[in-house]
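Data block below; observations after.
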Amino acid sequence: MAHHPEQGWSLLCNGVLLFEDTGELLPDGQIIAPHRPEGTNPVMTAA
């Protein structure tokens, strides 16, 4: 496994590339599009 949050991706031990936007690239080249739930934008507030 390789984790590169500064680049927005991780390589899992099964060969799947997992992207921060929830998209995936499978070892056979198949693409799984980002699948975030609608209307759940995280909100950050300054302290």
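Figures for the structure shown
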{"read-out": "Count of the range 11-36 residues which are over 15 Å from residue 1 (Cα atoms), of a type in the set (S, T, N, Q) and either at pLDDT 85 or above or open to solvent by 70 Å² or more (accessible area, probe 1.4 Å) (or both)", "value": "1"}
{"read-out": "Members of the range 1-10 that are aliphatic (A, V, I, L, M) and at pLDDT 80 or above", "value": "2"}
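The values are calculated or read from the model by the stated rules, or taken from the named source; none is laboratory data. Computed from a predicted model, the values in this text were never measured in an experiment. Ligands, DNA and RNA are excluded from the accessible area calculation, which covers all protein heavy atoms including side chains. Shrake-Rupley method; radii C 1.70, N 1.55, O 1.52, S 1.80 Å.
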